[in-house]
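Here the structure comes first, spelled out in structure tokens, and everything after it is commentary.
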2 protein chains.
Amino acid sequence: MSGRSDIKGDKPARSTLRDVALLAGVSEISVSRVMRDAPNISDKLRDKVMAAANSLSYTPNRVAGALKNQSSNLVAVVLPSMSNEVFPSVLDGIESILNDQGLHAVLGLSEYDRDRELKVIRELLSWSPMGIILTGLHHLDPIPGMIAQLDIPVVQIMDIEGAPIGSAVGISHSAAAIAAADYLHGRGYRKIGYIGAWSEKPQRSKARRRAFEARLQALGCPLVASLISEDRSSAMVGAQTTAALRQQHPEIDCIFYANDDLALGGLFHALAAGIDVPGELGLLGFNGIDIGKATPIPLSSIETPRFEMGREAARLLLSSRESGNVIKDLSFKISDGKTA
Amino acid sequence: MSGRSDIKGDKPARSTLRDVALLAGVSEISVSRVMRDAPNISDKLRDKVMAAANSLSYTPNRVAGALKNQSSNLVAVVLPSMSNEVFPSVLDGIESILNDQGLHAVLGLSEYDRDRELKVIRELLSWSPMGIILTGLHHLDPIPGMIAQLDIPVVQIMDIEGAPIGSAVGISHSAAAIAAADYLHGRGYRKIGYIGAWSEKPQRSKARRRAFEARLQALGCPLVASLISEDRSSAMVGAQTTAALRQQHPEIDCIFYANDDLALGGLFHALAAGIDVPGELGLLGFNGIDIGKATPIPLSSIETPRFEMGREAARLLLSSRESGNVIKDLSFKISDGKTA
DNA sequence: GTCAATATTGGTAACGTTGTCATTCAATTG
DNA sequence: CAATTGAATGACAACGTTACCAATATTGAC
């Protein structure tokens, strides 16, 4: 009955256009057209084809389609990691737009390693995706050329300060750092510390710390100290580094953290140690994650639009044919927490 | 110089095996073999080809390769959602195995909707993935048949109680619920409540609650009440529902939560309201997320191996040719928190 | 120096789909 | 009623790769 399966007489095998066409007694191209809802198809033909297709439970082979078309419904998405809440949210935002269009993300993780990123991008590009989303603005040299060869749209997320390959969606991290410095200074804090983690692998956090430091300097109250853990960010590390930093520099009256996981750890440490927050110690996080809104003292934080960043990136990708390259500043806001 | 680009004289166009072969003065097959590291290639040939390939910055077209080979290096991964920490961890585990093998996940989100899941699976299968990872054991009728047609391995994650299509990796949710009931009962709690969220969309949480209820009944201290919020899980919802449940049933001395986000919310509520934990109120979460280890009172929770589940799923997928279908119980453990 | 065995290369034909260009046939027009 | 149009279908040739089967070099054995 179904072509190839006779030859060897075993597996049901995947049915093809040809099988459907044979069964329906029409040409392959007609089946193709019906499957794709092409115009100028008679109801009679459509019915015949659909019946045959259903009885064979035919699924179009998009690999073949993509080869012929030179384009697919895949979108390459390259993120550094999945292990904090930032990138899953971004990915969620991306998927929320893509899935409605019948598009799908092919995922690659760089683990903050440039060479690995290059390898992953090369592999993903070999699938002729219809677009690619990258994290950050700094990439190895050959990458823009590789993308140009496919002539597909690129959107870079997270950062907008630099020279994007195509479009970019994100926030200004230096502006966020300046806002943080101004905010804390405005609240009366004068002995400010900084805590980061994971050796600042994302260059964005390094940029943020530097801008923060510079701004404090300009405000006349230079950063007292910063402590960058080698470990990955976590609440536990946040608690430990907070204790350590306060021991080394008892005069510190406020800490700005690289992210909310660390800041929550700081808050938990303070709660457990009976430190008065925000009086004795002010705490300011970064990202504005959900949990921080429910803590006994709600966490003050720089809220970043992570989900929206993903959505916007996907939207820009889809519209880039018309709108060309765009740089979109989604901006941040300082949440109304009570820890600073 | 590069074939197609002459015709119209515009885009650099993507170079192909043919372009490389022409430039290197060898056959297309030879280029193909060099690119794939096939055996029996002379150094001279390899060098010529590599030089040509580099100068054209050639990237193999895997769409064509997959069509010819009838199989790709893509793995379809269908998850319900990205919006709590569970599935990102699982995905992280999956990718940690896949990426080292040059494989890539194509993602589909079902949003806990069966029909949507079917649609997504159909689309992903049309890419001839080399395997597919699904969430849970309950799927719409046509799905097993669709997968069988491609003759690729399937791994279902999260749950192991039921009839898997292929392999399954997860934990026994009823066993976890029983362990929770026994643990709380053993700690002396007798007026136990339950809090869930999002209308229990994941059937796993429903199964867990039922088993929990049944066990408490058997232990002679029936569940006092359960409160299932319609909202998605979050610490905020956990705090609110905890307050609400205690108001409705002041006798409750302990609450088992559907997940740690809710439980953390409960803990924060208790801390803010000055409720003595675990004396006046015991709290037990589910999943064992990182943050819970750093709270002023570390959260007691049923720890589930989410990352490991992803890793194991990917491993099973890769080894299924030899090992066949396997059901793997990764088991859970009750964390040594201090809230129950 | 001859012959078999092996290492190295190439030619050809698919894989399943769709764009381009026919072709058929019914409907419309003057 | 012939001529013209347009709708509906089909034939054929790609898309870029790789499996399969030659064909040609190279090596070693006797």
Problem set entry | Of the criteria (1) over 12 Å from A:VAL78 (Cβ atoms); (2) in contact with a strand residue (DSSP E or B) (Cβ under 9 Å, 6 or more places away or on another chain), which one A:GLY145 fails | (2)
Problem set entry | Search result, residues across the stretch A:56-73 that are facing chain B (nearest Cβ under 8 Å), of a type in the set (Gly, Ala, Ser) and assigned to a helix (DSSP H, G or I) | A:ALA64, A:ALA66
Exercise. Would you pick out the residues in the stretch A:261-295 that are in a strand (DSSP E or B) and either among the acidic types (Asp, Glu) or more than 14 Å from A:ALA243 (Cβ to Cβ) (or both)?
Worked result: A:GLY282, A:LEU284, A:GLY285, A:PHE286, A:ASN287
Seminar exercise, completed: Of the residues in the stretch B:29-45, those that are of a type outside the set (Gly, Ala, Ser) and either near DNA strand D (Cβ under 10 Å from one of its atoms) or open to solvent by 70 Å² or more (accessible area, probe 1.4 Å) (or both) come to B:ILE29, B:VAL31, B:ARG33, B:VAL34, B:MET35, B:ARG36, B:ASP37, B:PRO39, B:ASN40, B:ASP43, B:LYS44
Problem set entry | Considering residues of the stretch B:224-282 that are touching a helix residue (DSSP H, G or I) at 6+ places or on another chain (Cβ under 8 Å) and of a type in the set (S, T, N, Q) only, the residue farthest from the other protein chains (Cβ to nearest Cβ) | B:SER226
Problem set entry | Filtered residues of the stretch B:93-116 (kept if more than 13 Å from the chain's Cα centre (by Cα), assigned to a helix (DSSP H, G or I) and crowded, with 23+ Cβ neighbours inside 10 Å) | B:LEU98
Seminar exercise, completed: When the stretch B:35-58 is checked residue by residue, the ones that are among the polar types (S, T, N, Q) and near DNA strand C (Cβ under 10 Å from one of its atoms) are B:ASN40, B:SER42
Exercise. From B:GLY292, B:GLY266, B:GLY279, which residue is open to solvent by less than 60 Å² (accessible area, probe 1.4 Å), assigned by TED's automatic domain parsing to the domain that holds B:SER229 and touching an Asp or Glu at 6+ places or on another chain (Cβ under 6 Å)?
Worked result: B:GLY292
Exercise. Could you give every pair whose Cβ atoms fall below 6 Å, whose first residue belongs to the stretch B:265-278 and is within 12 Å of B:ASP253 (Cα to Cα), and whose second residue is open to solvent by less than 10 Å² (accessible area, probe 1.4 Å) and assigned to a helix (DSSP H, G or I), counting only separations of at least 6 or pairs across chains?
Worked result: B:VAL277/B:ALA270
Exercise. For residues in the stretch B:1-34 being within 13 Å of DNA strand C (Cβ to nearest atom), outside any loop (DSSP other than H, G, I, E, B) and within 14 Å of another protein chain (Cβ to nearest Cβ), which is modelled with the lowest pLDDT?
Worked result: B:LYS8
Exercise. Given B:ILE157, B:ILE192, which one is crowded, with 24+ Cβ neighbours inside 10 Å, assigned by TED's automatic domain parsing to the domain that holds B:LEU318 and in contact with a helix residue (DSSP H, G or I) (Cβ under 9 Å, 6 or more places away or on another chain)?
Worked result: B:ILE157
For this session: Report the residue count in the stretch B:234-258 for those that are open to solvent by 40 Å² or more (accessible area, probe 1.4 Å) and outside any helix (DSSP H, G or I).
Result: 3
Problem set entry | Single residue of B:VAL78, B:VAL49, B:VAL86, B:VAL90 found to be crowded, with 21+ Cβ neighbours inside 10 Å, more than 30 Å from B:GLY285 (Cβ to Cβ) and of a type outside the set (Gly, Ala, Ser) | B:VAL49
Exercise. What are the residue pairs meeting all of these: first residue in the stretch B:16-43, first residue farther than 14 Å from B:SER57 by Cα, second residue open to solvent by less than 50 Å² (accessible area, probe 1.4 Å) and modelled with pLDDT under 90, Cβ atoms under 7 Å, and 6 or more apart or on different chains?
Worked result: B:VAL26/B:LEU45; B:SER30/B:LEU45; B:ARG33/B:ILE41; B:VAL34/B:ILE41; B:VAL34/B:LEU45
Exercise. Residues in the stretch B:95-115: is at least one within 16 Å of DNA strand D (Cβ to nearest atom), touching a residue at least 40 places away in the same chain (Cβ under 8 Å) and within 7 Å of chain A (Cβ to nearest Cβ)?
Worked result: no
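The values are calculated or read from the model by the stated rules, or taken from the named source; none is laboratory data. Computed from a predicted model, the values in this text were never measured in an experiment. Virtual Cβ from ideal backbone geometry, glycine too; neighbours counted across all protein chains shown. Note: accessible area is taken over every heavy atom of the protein model, side chains too, but ligands, DNA and RNA are not part of it. Shrake-Rupley method; radii C 1.70, N 1.55, O 1.52, S 1.80 Å.
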